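Following: one structure in structure tokens, then a few remarks.
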Amino acid sequence: MEYFCGIDIGASTAKLVIADEQGRIVGKAMQRSGVDYTQTAQTLLDQALGQAKIEQSQIAHTISTGYGRDNVPWADGKMTEIACHGRGAYFHFNQQITVIDIGAQDSKIIHLGDDGRRVGFKMNRKCAAGTGAFIEEIAHRLALDITELNALAEKSTKNEPLGSFCTVFAATEVLAKIRAGVDVADIVRGAFCSVVNRIVEMDRVEGLLVTTGGVVAHNPFLATLIGRAFGTEALMPPEPQYTGALGAALFATKQSQEGQ
Amino acid sequence: MAAEFKKIQSTGKMKGLMGKYFTELMGEEPTGRKMAWCTSVGPAELLRAMGFDVYFPENHGAMLGASRMATDLIPLANAHGFSPDICSYLTSDIGAYLKGVSPFQKLGLGVPPKADVLVYNTNQCRDVKDWFQFYAREWDVPCIGIETPRSIGAVDETIVQAIAKKTEALIEPLEAVCGQKFDIDKLREVVGLSKECTRLWKAVLQTAATVPTPLTFFDGTVQMGPAVVLRGTQGAVDYYEMLLAELQQRITDGVAAIEGEKHRIYWEGMPIWGKLRDLSTQFMELQTAVVASTYCNSWVYEDLDPADPFVGMARAYSELFICRSDDYKEKYMLEMIEKFSIDGVVYHDAKTCPNNSNNRYDLPKRLETKTGKPFVVINGDLNDMRLYSDEQSRTNIEAFVEQLAGA
């Protein structure tokens, strides 16, 4: 049997998926991208091969994606994370979807038609607002571990709005709220809502709304808020952080079958 | 094998022509003529006809961007009092003036020549006037010009007559500066040459309607030099005759500017001067030809008329894309998308150039709906590279080409 590999080296985290010919994940691995993307890719590959109990020679084709897509010497090709998140999400829903992917450094809205072809996309402007980096900054200001945020935001019933577009100014607003004694849970919810606002103003949603990426994987309540803001349910594929890597593996399958 | 740029052979001739022009303006030999600064779509024909040496600071702005000097110079103008949010041609040029540097120095020339008079047309934006007024104060020289309406729908007779009168009214103060009487026959001659330059430049740009294109937008940003700074001269006419012949030969020989051209792009908005090489390389590697732009067509003035020079100039300089309404812009781009067999449109949202960033009033979505051709927006700037992200742009363009390929 042949296998196909997709590796998504993101700004913060690298993810790798090995899939079989039907797109079933047989091995996967994830770690911080670090500073040596090539080494990170090899480490992830070794882990996933071990999990799948296969040899590298059984991998017929590999596609790399993400910021580090040019740093995987054994990849057979590369695609953007926009293509791969779209493809990975469509695999699970198989109808017209709008994918909202929130990554560490950027946010993307990707439109796919009924047939899975991309019809449009938008990335956030050159700014950290509306990305994982913003949430990390707020967690830092509140002296919280990033894993604590989701439960706090969910517990809050009151949104303490952060008005600024700018991550640094928003962090200053957080300081003012701390000084005023505002409940930390409400501040976290306000930060989540700030991310949602940056997403909502980027583009429209057509078809099903699907959210992917590490930020919603760790903060599912953020996806809930996104759904509320768009007036629809925000769906999530299984293991949303691996969506880009899965999409890359699916492109690898397609390219291999087409003899590219 | 890595793709290679296909050199346009005529370019050497153009560099010689432009070099001669700059040497005359800035060399050690005095020309004996007065120096007029002119906005790039200002009344250059009138100034030439009245015997001025004509210098175009926007050209200097573009050189500051292309040489990547701009980003270091803009902060000097910011500190002087010009906001980082206004035209980065203005801020980089004034920054260069304040520091006493210029890309001309690398060509063995000095800094830009001092003006005896500064002449603007606000058909592009208000910034050109503010830019010129800075130097007028510095050197205590007159700053005069034409205030053209903006967001023009139809260029009707009311507008044309008003602008023609305003242009004629420049004669008296210009005579006072140059000490010569205005000669209408000389103006007719210059306008005639300018019109011929326009005809040829338009023909050059239209060679790109051929599939595969012999010319890209990136070539155009280099080749447009004479159309901007030497229109109204025989040298520009001669050059574009030569260039046009070369491009027509490319078409005859089936020579493509982009080997294996797969997709055809319309570039809307300003060039990103400091990234032209990176962008042209990326598009070439993606086998994608940027074949048309509004920008390079901004120096096509078909309504110039030697028989009625003031009215012709008024009409030509009011019909510019940049000072027109969105209705007009939409219609213009629809025609261009059709004519150049465009697959998709890249909009450059230049942070400091709102007047030439045409993605801001929903035009991309309207055009996409009408044509079915997708678009992408690149956030950046003409000169201020602090406002540009290499990684964001690279991914946006790559993803857009994937989309055109059906991914």
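For segment A:7-29, name all the residues that are in contact with a helix residue (DSSP H, G or I) (Cβ under 7 Å, 6 or more places away or on another chain) and closer than 27 Å to A:GLU136 by Cα.
Of everything in segment A:7-29, those that are in contact with a helix residue (DSSP H, G or I) (Cβ under 7 Å, 6 or more places away or on another chain) and closer than 27 Å to A:GLU136 by Cα turn out to be A:ILE7, A:ASP8, A:ILE9, A:SER12, A:THR13, A:ALA14, A:LYS15, A:LEU16, A:VAL17, A:LYS28, A:ALA29.
So which residues in segment B:383-407 are under 21 Å from the mean Cα position of the chain (by Cα) and open to solvent by 10 Å² or more (accessible area, probe 1.4 Å)? Lay out the reasoning, then the answer.
Pass one, segment B:383-407, residues under 21 Å from the mean Cα position of the chain (by Cα): B:383-385, B:387-388.
B:MET385, B:LEU387, B:TYR388 - these are the residues of segment B:383-407 that are under 21 Å from the mean Cα position of the chain (by Cα) and open to solvent by 10 Å² or more (accessible area, probe 1.4 Å).
Quick check on segment B:184-194. Is at least one of its residues without any contact (Cβ under 8 Å) to a residue 12 or more places away in the chain and either within 16 Å of B:ILE8 (Cα to Cα) or open to solvent by 10 Å² or more (accessible area, probe 1.4 Å) (or both)?
Our first condition is that a residue be without any contact (Cβ under 8 Å) to a residue 12 or more places away in the chain; within segment B:184-194, this holds for B:185.
From the residues that got through so far, the ones that are either within 16 Å of B:ILE8 (Cα to Cα) or open to solvent by 10 Å² or more (accessible area, probe 1.4 Å) (or both) too are B:185.
The answer is yes, given that some residue of segment B:184-194 is without any contact (Cβ under 8 Å) to a residue 12 or more places away in the chain and either within 16 Å of B:ILE8 (Cα to Cα) or open to solvent by 10 Å² or more (accessible area, probe 1.4 Å) (or both).
Among helices (runs of 4 or more DSSP H) lying entirely in segment A:154-229, which contain 3 or more residues that are open to solvent by 20 Å² or more (accessible area, probe 1.4 Å), without any contact (Cβ under 8 Å) to a residue 12 or more places away in the chain and touching a Lys or Arg at 6+ places or on another chain (Cβ under 6 Å)? Working first, answer last.
Numbers: elements: A:167-179, A:184-200, A:214-218.
Because the criterion is at least 3 residues that are open to solvent by 20 Å² or more (accessible area, probe 1.4 Å), without any contact (Cβ under 8 Å) to a residue 12 or more places away in the chain and touching a Lys or Arg at 6+ places or on another chain (Cβ under 6 Å), no helices (runs of 4 or more DSSP H) in segment A:154-229 meet it.
Here is a yes/no grid of residues against (1) under 24 Å from A:GLU81 (Cβ atoms); (2) more than 9 Å from every other protein chain (Cβ to nearest Cβ):
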{"site": "B:ASN355", "(1), (2)": "no, yes"}
{"site": "B:ASN359", "(1), (2)": "yes, yes"}
{"site": "B:ARG366", "(1), (2)": "no, yes"}
{"site": "B:PHE375", "(1), (2)": "yes, no"}
{"site": "B:ASN383", "(1), (2)": "no, yes"}
{"site": "B:ARG386", "(1), (2)": "no, yes"}
{"site": "B:SER389", "(1), (2)": "yes, no"}
{"site": "B:THR395", "(1), (2)": "yes, no"}
{"site": "B:GLY406", "(1), (2)": "yes, no"}
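Which one of A:ASP20, A:ASP114 is more than 20 Å from the chain's Cα centre (by Cα) and farther than 17 Å from A:TYR242 by Cα? I'd like the intermediate steps shown before the answer.
Working: A:ASP20 fails: farther than 17 Å from A:TYR242 by Cα.
Answer to the selection: A:ASP114.
How about segment B:299-335: which of its residues are in a loop (DSSP other than H, G, I, E, B) and not polar (S, T, N, Q)?
Narrowing segment B:299-335 to residues in a loop (DSSP other than H, G, I, E, B): B:300-308, B:319-320, B:325.
Listed by number, the residues that qualify are B:VAL300, B:TYR301, B:GLU302, B:ASP303, B:LEU304, B:ASP305, B:PRO306, B:ALA307, B:ASP308, B:GLU319, B:LEU320.
Out of B:GLN249, B:GLN223, B:GLN234, report the one residue that is more than 16 Å from B:GLU196 (Cβ to Cβ), open to solvent by 10 Å² or more (accessible area, probe 1.4 Å) and either charged (D, E, K, R) or not assigned by TED's automatic domain parsing to the domain that holds B:ALA49 (or both). Reasoning before the result, please.
On the way: B:GLN223 fails: open to solvent by 10 Å² or more (accessible area, probe 1.4 Å); B:GLN234 fails: more than 16 Å from B:GLU196 (Cβ to Cβ).
Residue meeting the stated conditions: B:GLN249.
Within segment A:59-94, can you find the residues that are within 14 Å of another protein chain (Cβ to nearest Cβ) and not in a helix (DSSP H, G or I)?
A:ILE63, A:SER64, A:THR65, A:GLY66, A:TYR67, A:GLY68, A:GLY77, A:LYS78, A:MET79, A:THR80
Restricting attention to segment B:1-48, report how many residues are open to solvent by less than 10 Å² (accessible area, probe 1.4 Å) and either within 23 Å of B:PHE132 (Cα to Cα) or among the basic types (Lys, Arg) (or both).
Selection size over segment B:1-48: 12.
How many residues are out of contact with any Ser or Thr (no Cβ under 8 Å at 6 or more places or on another chain) and either surrounded by 23 or more Cβ atoms within 10 Å (Cβ to Cβ) or touching a residue at least 12 places away in the same chain (Cβ under 8 Å) (or both) if we restrict to segment B:369-382?
7
The values are calculated or read from the model by the stated rules, or taken from the named source; none is laboratory data. The shown structure was predicted, so the numbers you read here are calculated from the model rather than taken from an experiment. Quick reminder, even Gly has a Cβ in these numbers, built from the backbone with ideal geometry, and neighbours come from all protein chains shown. With ligands, DNA and RNA removed, areas are computed over all heavy atoms of the protein, side chains included. Shrake-Rupley method; radii C 1.70, N 1.55, O 1.52, S 1.80 Å.
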